[in-house]
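Derivation of every value follows stated rules applied to the coordinates shown; laboratory data play no part. Predicted model, so just to flag it, every value in this text is computed and none were measured. Cβ: placed from backbone, ideal geometry, glycine included. Neighbour counts: every protein chain shown.
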Amino acid sequence: MSPTEARLARLRGRTPPRRHDARTVAALTVNPACARRALMDAAGVDKQQLAAHTGYPAPFGQSQFAITRGNAFEAQVKDNGAAQLLTLLREILGLDITEAHYTDLNEVGGNQDSELRHVYTKQRLTAAVMGTGTMFDHPLLRLDVAGRYAYLEPDLIAFRHRGTFHIVEIKSFAIVDEQADPAKVAATAVQSAVYVLALRDLLGREDAVHHETILVCPKDFSNHPVVAKVDVRRQLGVLRRQLTRIERIDELLALHSDELTFDLDPGEDQRPRRPPEELANAVRTVNASYTPECLSACELCYLCRDEAQGTSGALGKMVRADLGGIEFTRQALDLARGASPGPDREEVAGLLVEAARLRQEILGET
Amino acid sequence: MTRLASPAELARAAADAIMADLSRANRGVVVDSPPGAGKSTLVVRAAAELAAAGERIMVAGQTNEQVDDLVGRLAAQLPQLPVGRLGARGYAVPERVAQLSNVQAATNATDLAACPVVLGTAAKWATVTEETPWPWAIVDEAYQMRSDLLLRMAGQFEKALFVGDPGQLDPFSTVETERWLGLSWDPMSSAVAVLLNHNPQIPVHTLPVSWRLPATAAPVVSQSFYPFTGFTSATARSERQLTWNTHAFGTSAFDLALETAAEAGWALYELPHRHTLRTDAEAIRACAGLAARLLERGASTSSERSAEPLPVTPSRIAIGTAHRDQALAVKRVLAELGVHGVVADTANRLQGREFDVTIILHPLSGRRDATAFHLEVGRLCVLTSRHRHACIVVARAGIPELLDAHPSVDPVHLGVPAKFPDGWEANQSIMSHLANWRVPAP
Amino acid sequence: MADLIQTLERRIDRLRVAVREAVLAGDGTRAKTLRAELREADQAWEAALAEAELNRTEPPGLSRESQVGPDAGDGSSTQSSLLPLREQVYEALSLLQVPAAPRLIATVHEAFFATAFSTTRVTSLRRDEERSFRAAPFTRPYYICSALIADFLSPARALLAVSTWPMESRVIGSLSPRVDFLTAAIRVAEAVERIPGPMPAARRLLWRFAASIPGAAHSSGDVHPPTIRSAAEAELTVHADADSRTRREAAERARRQLSDVEQLFGIRLKPAGRAAGAVDGDA
Amino acid sequence: MSLLTALARVLAAETGRAQPIRTVRHVHLSGRPLVFIPLQLAGEACAPLAVLVGDDPGRPAMLTVHEPRDRTQRFDFAAALAEVILGYINSYSTVSTAPDQPYPDAPQLLVPNPQGAAFTRLLGRSTRFRRTDGEFAVKESVPLLGRWLSFYAERMEVPAAALLVPMTTVLADHWATGQSAAEDANLAALLGWIVPPPGMTGAAAARAAEDPVRFPPAGPATDPSFDNEVLEPRIRAVRAARVTGDGGALHRAQTAMEAALRTQLEPTWELMWRAIGLLRTIDEGAHVAERWQSDCWAFTSHVAHLRDGGFPQPRRDGAVAAAARLARLERDQQRLNVQRAYDDPLVMAEYRLTGEAFAGTVTEAQSDRLDTTGKRAKLRPWIVVETAEQVSAAPGTVLTCPARPGQAAEIIEVAPAGDLTHVTLQLSGGMGRALVPLPGSVPAAGETISYTTLRDDFQSAPRFPDREQTPWTHGGPPPEYVPPVSEDEAEDIA
């Protein structure tokens, strides 16, 4: 175990590690400024549980209706040797009629061991070039994230003979009149980009995997699938850069004491026993970069939001930008009420005073 | 052994190919023109040759200034060709156009029936109602033209030559709606995009040589903003010189920046890291101050254009910003410093213009977060590609860090091609180049 | 009685809130125990209400707000059959004559034999069959067994077959799913042609097949069995040879290497280490 | 966003109470709005679960879909909803008017949030192409409802329109809270800031409002823990009862499901009407009535369109339709910006802060100055305005005084005077025909006055080719438009 790994293990403590997955890797691009999140994800800390134990449970869960719907739709397009999917792929990839192979990689000879599935995936994908494969159901890929392997499981990989591999993602959000929720498509695009990286890694060839991934969604209000191509070159660029940045996790670790740990101290019933306040303090020693966007993206958001109270950032990026460099709302208010600004704050102070004067003139505020 | 083609030869070959396509085009031709690649020259040549072939040509520009420039060049080069200038009511013909004997101006196209070539703004053309369409149209700055305007004027012509710079700012709208995203005729997207969506057979040419950008700038701008096509500079490094008429006593940071720029064609005048309002007084003062100091030192340029050195006059200097209030603030400080005639304006209004030296306030300077606006690739491209000799970038330290910390969560719309190059990557590439020419401010 | 119901309802509401609070607080253990209490309360409430119903004279009219939707309108119209499940599955599989997943089996049976059954029960059926075979081999005329993955001769996920079928049709190579789908399409088309007035469900099923076969679907959406058959046969001829080669090879291997029970229900790859070796061997 | 709003948010954060950022209400509020609160099943494109709808705070109608994935029930729900909504709409369209006049008033739909509006659009889209004959026939009223909901959703894209209004948007436009815009999307939290319960700060109230158990989300998405712990067992009970065919059990299960959904809807219903009451306490901006008038026109012409058997709205705009709509939207947007600034000193203040407007006092006025350079003398008074505010406009720029919108004021000179600025303006228009200005038409010395670069210089609508004349650059003339019929087989919910 390398010193870094040892250090990360200590951060995590006795809580079982959460491996990186497509979601957490994608998260690297959502708030790259956040050292807190970077450190915890690198160490495989269970942020959900940690947040709950410190008294700031994450504000999002998933409705089982959504989960059921998602699974049902994926199952439907994959039924009968992925008959529906094959029809769509034939049309969008121009598959030859002979290209109708379906390979189930969910298990290997009835065994679901990740390592085994990954090895088998590699064999079948590399063999595909000999024309023995078209659709690969739930292959298991692997990506090295800051020295730790993340196992990644795309919905499907399609191979065009004498052509390239395409990542296929099956989502249950609808494409209504050729338009889909741009945020959901964006999230899918980053996820697919992660798979593209992993697959290129596995095949050892950049050009073997196409930068256009394939999105399968229900059409309008029906259960009938439609496909769309999604160009993920932008996402690939961002991911590559962020992945190299967390390679530098040591620089982050160096900033913190060796004693620092997010251990939850689970009892035999697996319930955390560590005093919440102590844990929260440990968390607070690592810098976060909270923005309201975190509220829909990170399990720790409520904890960080509380910490950010009184900062202009807590009011949103727009406000923070409008207030120039002013960090705290209190400070902004004082300046607006005529407190003397520091040497490099005259302009914003001037504007704030003027703004206050206008409100005063119009609303009679003081 | 074959000698490598000279830039001039490359350019001529490209132009010839375009003319050849024009002669056999059944719909039209699109020409992508990187900064200063001789777009207007091409327009004039095309107009002349088509006119010579007995065709009537309507020429559409985007602003009256652009159109007047074209009229000037066309009428001057072809003194015997009657040139029509179609203007909206209230349009006053500027002196430089009025004095040309072969130019005739009118607000009504029928009054210009005698002119084989008639020029006007696209907006004006959109109001013209004539039964018989023109055989040919030349649409200038077609990438800055919105497709809904093209829709309104396209009925006027049968074939068209579209020229423009794909790297500059996209057209914008004052309303925000996703209603038309993914439609092949999205009215908010550029005229060229929509044209090509519906006419994929139309040939697209690229002008390979920039006459404006010096050898120091062409490669940087080319690989940052035109990664797929690319272009070269028409001039060798030795052909463009920026020299000082006086020597600086000691070396202030201003002088250092100016000399670096004269030497390398680039300079990054870097202020200490700080989050600021966008009208960052210190940065604004730096922009104006550099311009003032440049004039005070007295600079002259020598280039392929003239044998003996020419002075860099105020009008040959531009200060470029992202926001209007920044440009206003710069103007104010310039006035305080008693500097007159230096152009200070936003990227949008500097499009298509050319200067000897540009001083630009980096859109991301002093910002806490980058927004889509500040990352827009066209904005940085315009700002860094207006100069013939040198470009000085004024910015606060910390932009690379800002870029690295930038969350990439832009929505993705189905059927809308991803924009390349991406603003985030283009910014990274420019910053990493500028890092070599850093001059820290005191 | 009435106040008992009310107390129960209040208790249920309290418990629901408590459960959600536990969930939102990320306390899974507490949520579990509370859910258990909730279930009891719910049952008690149901019982109490049922009892109350009996004492009421007139049957309950639908409440003012539930006027939306005739409550019989969906799925439940088909009644459940008297035949034991295994025989219903047998009926469906015999019609298809290829290995099929529970969902398809259920749909086929509903379409042609007018009785529905839950796919979850079908999944458990396989285990029962294996148990009974192990207990007393070959005592039944047929068993509902697994299709086998050609590479490993392991049971294919959720693919059921009939023990009396030749091994060749029960092993699955990479082309077999497509081949079996096309074959099934042909069988269903024939069945629709056989029956004088096929149920709409049957035609809808056939339409779904047609939609995934080149040249089989009428744009109008109505189904024409002969067209579908010939379209399916056309594509079938493309895959047939390659597929049967794989299947024949695998079938021989199975007959050579596997015991009787393994031939019906497959073997499983042993966990990692050795298993990885096995994979290499296969490649 | 502007520094002025930023300051208001800072104030709110520091005082613990939302701060007004408008002095007047910029949106029309009907005397009898229809409040429409939909809930939908998670994971589906548009599967209604329940709605609370009505124009009487005391008597909301609740509609429930007990089997949200069942298409029959879904369209029976649509029919039931049509009764309520079309009934409400008809009460406005049955008033008799002169042929060339709009209806005096129009029906206004209020939804809790933008997602509610989006749901309205999708529900409209999913019903307006429905067939009323054949195997999958639906009631006549269903496609009609679809066309109305689509009309409302489309109208909401018009910047100045108020036919369909999301409540959180209006509130956030009139008050700045001490939290982020993202958090303002929660209706309960937003109202918590604006009118916190006694003894509570806005911040505390907003936090409390984030507890989905006490304050169910305002929809259309339901809280996952509600879905998993409450709704799912209820729906399961309904299904079970239906399979066993036990009428009593079915009735009980349905009542229980309705009761559960009611708990998720009623709190929002209360909040909506509280918000309405709150907004009514603010006087309407001067131009609001004029804008509502154009809403009434839009409503009137849609009624006519339906009466004359017009087509339902297409899936997407054609090339010409899209361009024409964009032109309209841009003109409306510009007009709205100007009107809001003219109606509301706080909005104008944002422009004063950036130097695009300034207020001051008239120090000199030559009200009878004539311009004699032309053939005929023209009345061109000069005035000098002294202001302490920033003036960014340059000489030559034409300004307008909100109090005298008909009068153009061209900047002649901007001269610093100590730390004040003197702006010399030349006035034209709005002074009557004669060479002597009408009394009061020229600002007098001593008058406090404000000028702005904001002008609604009305341009006439641009001309567009007919649909049949779509040029080759845009794909040429499109095929004749036939409204699509939703392929029911394809949309049958498996």
Computed on Cα atoms, Rg of the range A:34-178 relative to 2.2 N^0.38 Å comes out at 1.28
Of all DSSP beta bridges with both partners in the range C:71-267, the antiparallel percent, nearest 5, is 75 percent
Heads up, the range B:21-134 by the C-alpha gyration tensor (a ≥ b ≥ c square roots of eigenvalues; a/c under 1.5 rounded, else a/b over b/c prolate, else oblate) looks rounded
Quick shape summary for the range B:171-239, equivalent ellipsoid via Cα gyration tensor, semi-axes whole Å in descending order, reads 34, 16, 9
At R0 = 41 Å the Cβ-Cβ FRET efficiency linking B:Ser23 and D:Asp457, nearest 0.05, sits at 0.40
Taking D:Trp175, C:Trp207 and counting other beta carbon atoms within 10 angstrom, the fewest-first order is C:Trp207, D:Trp175
In order over the range D:432-447: 3J(HN,Hα) from phi, Karplus 6.51/-1.76/1.60, θ = phi - 60°, whole Hz, x for each Gly or Pro, gives x, 6, 5, 7, 10, x, 4, x, x, 7, 10, x, 8, 3, x, 5
Mean per-residue count of partner chain Cβ within 10 Å for D:244-253 equals 5
Per the Cα gyration tensor, the protein assembly as shown corresponds to an equivalent ellipsoid with semi-axes, largest first in Å, of 60, 41, 37
Sequence order, the range B:115-132: Karplus ³J(HN,Hα) from phi using 6.51 cos²θ - 1.76 cosθ + 1.60, θ = phi - 60°, Hz rounded, Gly and Pro as x, gives 8, x, 10, 10, 10, x, 6, 4, 4, 5, 4, 5, 8, 6, 10, 10, 5, 7
Listed by chain and number, the lysines with an alpha carbon less than 26 angstrom from that of A:Lys317, same-chain partners under 8 positions apart left out, are A:Lys47, A:Lys184, B:Lys419
The lysines whose Cα lies under 27 Å from the Cα of A:Lys122, excluding any fewer than 8 residues away in the same chain, are A:Lys78, A:Lys171, A:Lys229, C:Lys270
Rounded to the nearest 10, the angle in degrees between the Cα long axis of helix A:182-203 and the longest principal axis of the Cα atoms of chain A comes to 60 degrees
Under Stokes-Einstein, the range A:315-363 at 20 °C and 1.002 mPa s, with its Kirkwood radius over C-alpha pairs, diffuses with a coefficient in µm²/s of 195 µm²/s
Sorted largest first, the C-alpha extents of the range D:229-280 along its principal axes in whole angstrom are 52, 21, 10
Rounded to the nearest 10 degrees, the helix B:64-77 long axis (Cα) sits at an angle to the longest Cα principal axis of chain B of 70 degrees
Taking the alpha-carbon centre of each part, the distance from the range D:30-87 to the range D:151-228 in Å is 20 Å
Reduced to Cα centres, the span from the range B:220-272 to the range C:135-161 in Å works out to 77 Å
In the protein assembly as shown, taking the dipole from +1 charges on Lys and Arg beta carbons and -1 charges on Asp and Glu beta carbons about the Cα centre, the listed residue (D:Thr244, C:Ala92, D:Ile21) farthest towards the positive end is C:Ala92
For D:Lys375, the aspartates and glutamates lying under 13 Å Cα to Cα, once residues fewer than eight places off in the same chain are dropped, come out as none
Per 5 angstrom bin, beginning at 0 and ending with the bin that holds the maximum distance, the Cα pairs of the range B:331-416 fall in percents of 3, 12, 19, 20, 17, 14, 8, 4, 2, 1, 0
Note: chain A, point scatterers on Cα, Debye, no solvent; log10 I/I(0) at q = 0.07, 0.08, 0.11 Å⁻¹ equals -0.41, -0.53, -0.89
Sorted largest first, the C-alpha extents of the range A:107-225 along its principal axes in whole angstrom are 40, 35, 32
Here the range D:357-452 gives, from Cα atoms, an Rg and Dmax in Å of 12.8, 41
Mean other chain Cβ within 10 Å across A:54-67 is 6
Quick calc of log₁₀ I(q)/I(0), the range C:71-267, Debye, one scatterer on every Cα, no solvent, q values 0.08, 0.13, 0.16, 0.18 1/Å, result -0.28, -0.73, -1.04, -1.23
The answer for C:Ala101, listing residues at least 5 apart or on another chain whose modeled amide H is closer than 5 Å to its amide H, is C:Leu160
The answer for B:Thr346, listing residues at least 5 apart or on another chain whose modeled amide H is closer than 5 Å to its amide H, is B:Thr321
Calc'd 3J(HN,Hα), the range D:188-201, phi into Karplus 6.51 cos²θ - 1.76 cosθ + 1.60 (θ = phi - 60°), Hz, glycine/Pro = x, comes to 4, 5, 4, 5, x, 5, 6, 10, x, x, x, x, 10, 7
Mean Cβ-within-10 Å packing, highest first, puts peptides A:68-77, B:371-380 in the order B:371-380, A:68-77
tail above 29 Å in the computed P(r) of chain D, as % of all Cα-Cα pairs, reads 61 percent
Most exposed to least, judged by fewest other Cβ atoms within 10 Å, A:Tyr120, C:Tyr143, D:Tyr103 sort to D:Tyr103, C:Tyr143, A:Tyr120
Quick calc: nm separation of the 7 Å Cα→Cβ label points for B:Glu158 and C:Gln97 -> 6.6 nm
Long-range share for chain B, i.e. C-alpha pairs more than 37 Å apart as a percent of all pairs, stands at 27 percent
Counting only DSSP beta bridges with both partners in the protein assembly as shown, the antiparallel fraction in percent, to the nearest 5, comes to 55 percent
Relative to chain B, whose Cα atoms define the longest principal axis, helix B:39-52 and its Cα axis are tilted in degrees, nearest 10, by 10 degrees
